[in-house]
Amino acid sequence: MDKKKEYSAEEKMDIVLAILKKPKKQKQLLGKYDVGLSTYYKWKNRFIHSGLAGLEEYKRGPKSKPVGQEKIQEIAKQLKAAQDRNNELATELEILKKNESWSSEG
């Protein structure tokens, strides 16, 4: 059984672009590059959605959380706390302004 050639991200991009440029020759080009139709569609979708980075080596198996996800969640919590505090201060300021205008009227 022949093992299929492994293509670099740049080669995958070139194949995808070649077929996009000449869609009527898709079957011929897939045969030339020894790439299956389903593989081509995976490469095309990854390229469209993520560019060249989407064509880098793709590891199979369970997906792990992206690096830094915990940090993003931590920052989101800090942002929420800061927004809550800002709302509290804005309310206090409005109360002080009303009290000041009330006391200056008398």
Task: Selection within the stretch 6-39 - closer than 12 Å to residue 55 by Cβ and either part of a helix (DSSP H, G or I) or in contact with a Pro (Cβ under 6 Å, 6 or more places away or on another chain) (or both) - done: 9, 10, 11, 12, 13, 14, 15, 16, 17, 39
Open item on the list: I need the full set of residues from the stretch 18-38 which are farther than 18 Å from residue 8 by Cα, among the charged types (D, E, K, R) and over 30 Å from the mean Cα position of the chain (by Cα), in order please.
Closed with: 24, 25, 27
Task: Where residue 45 falls short, out of the listed (1) polar (S, T, N, Q); (2) more than 17 Å from the chain's Cα centre (by Cα); (3) at pLDDT 90 or above - done: (2)
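The values are calculated or read from the model by the stated rules, or taken from the named source; none is laboratory data. Keep in mind that what you see is a predicted model, and the values were worked out from it rather than measured. No Cβ is skipped: glycine too gets one built from the backbone with ideal geometry, and neighbour counts run over all protein chains shown.
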